[in-house]
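> Next up is a structure, given as structure tokens.
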Amino acid sequence: MVKAVKLADIAAELNVSIVTVSKALSGQKGVSEELRKKIKELADEMGYVPVHSAQKNRSKSYTIGIISLESYFTKFASFYWKMYQEVATKAVKKNCFTMLEIINAAAEEALEPPKLFEEERVDGIVIIGKPKKEYLKMLYQYKRIPMVFLDFYDDELVCDSVVSSGYIGSYQMTHYLIEKGHRKIAYVGTLMYTESITDRYFGYCKALMESNIEIRKDWIIPDREKNNGIIGMDYTFRLPHEMPTAFVCNNDVTAYALIQTLEKAGYRVPEDISVVGYDNYLYPEYGDSRITTYAVDMGEMARIAMHSLVKKIENVLYNESIHTVPGRMIVRDTVRDIN
């Protein structure tokens, strides 16, 4: 049983009175906007549910299965582990309990259904990260269980999906480099491995095309092997013979590993070569690399995923769709202005 968060818990964290917290959350006067924002953000982070909401939804409690793949959880603190935590937090706010199942590579290859599906222990499913095509087709056999995809979508079948605005985000990051004088820009990501990597590549292409910059095949740099999906320091980059002045990376882990590779090869970032990433998320052991990046709003993605799933569980009539969540660019220290 998850312990309910009280106003006193929030007040203690911020060292303010319970009355102040109550006023901030109910929209009353007497609290500065800065403090009101802090209180609301902390309440959301802690999973606070107002008493009237808890009473209203007390009879509606669901068990939500969360499924992901071993390749996405190779590191405990991976991007998808963080995304799972966001979904679990949003589930608590909707009076739901979550169960996580990780599908290993052998089970994915053998098309073994998740145990959560076979035992029908859940009311709905959130699938985080795209499985292989054949495995995804097998999962469709269980569509009687309400299902939502998180951080990927399927071109062949419409299912509720929640993704970040990869196309727009990568376009903005590439356009930013062009504004800084760069015209020799490479893209780093294994195309067609996931929709998100490929969508981000198309955003990169659009920015180059608008500025009449050539899209060079030798400047499309893979960042993982397709058979295992391992990225980061465990992957060996093949740098091009003719080097660009900037790289657009499809995620921050790849950007960090590329920077290490460049520095080992004698290049300085950003003095010699600029690098931008995507996600605003690194493995904690990598530290703060100060990468200029595009921040994914994982909290909002998780909120929409849970909202859509509960509507499906409760048989609310609506059209299934792909929900695109915008993020924001964060300028740090890995880009040099060469104008």
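The numbers here are math on the coordinates, done by the rules we state, and not lab data. From a predicted model like this one, the values you see are computed outputs, not experimental measurements. Ideal geometry is used to build each Cβ from the backbone, glycine not excepted, and the neighbour counts take in all protein chains shown.
> Would you list the membrane-span-like helices of the chain, meaning whole DSSP H runs whose alpha-carbon atoms span at least 15 Å along their axis and whose mean Kyte-Doolittle value is at least -0.5?
Those that clear 15 Å and a mean of -0.5 are 79-93, 166-179, 195-210, 252-264, 298-313.
> Where in the stretch 211-295 are there trypsin sites (Lys or Arg not before Pro) that are in a DSSP coil and have at most 15 other Cβ atoms within 10 angstrom of their Cβ?
Here the trypsin sites (Lys or Arg not before Pro) that fit, given the DSSP loop and packing criteria, are Arg216, Lys226, Arg238, Arg268, Arg290.
> Here is the link list: Lys93/Lys226; Lys38/Lys226; Lys60/Lys133; Lys23/Lys130; Lys115/Lys312. Which ones come out longer than 32 Å on Cα distance?
Over 32 Å Cα-Cα: Lys93/Lys226; Lys38/Lys226; Lys60/Lys133; Lys23/Lys130.
> In deg cm²/dmol and to the nearest 500, what is the mean residue ellipticity at 222 nm of the chain if only DSSP H runs of at least 4 residues count, each as -39500 (n - 2.57), divided by the residue total?
-11500 deg cm²/dmol
> Could you check what % of the DSSP bridge pairs in the chain are antiparallel, to the nearest 5?
10
> Another question, if that's okay. For the stretch 77-109, which chymotrypsin sites (Phe, Trp or Tyr not before Pro) are in a loop by DSSP, counting at most 14 other Cβ atoms within 10 Å?
Answer by residue number: there is no such site.
> Follow-up. Loop only per DSSP, at most 14 neighbouring Cβ atoms within 10 Å: give me the GluC sites (Glu not before Pro) in the stretch 230-339, ordered by residue number.
Glu242, Glu271, Glu314, Glu320
> Taking N as the number of residues in the chain, what value does Rg over Cα atoms divided by 2.2 N^0.38 Å take?
Relative to the rule-of-thumb radius for its length, the chain sits at 1.09.
> At a Förster distance of 35 Å, what's the computed FRET efficiency of Asn339 paired with Asp288, Cβ-Cβ distance as r, to 0.05?
0.80
> Which whole-angstrom value gives the distance between the alpha carbon centres of the stretch 275-335 and the stretch 21-35?
28
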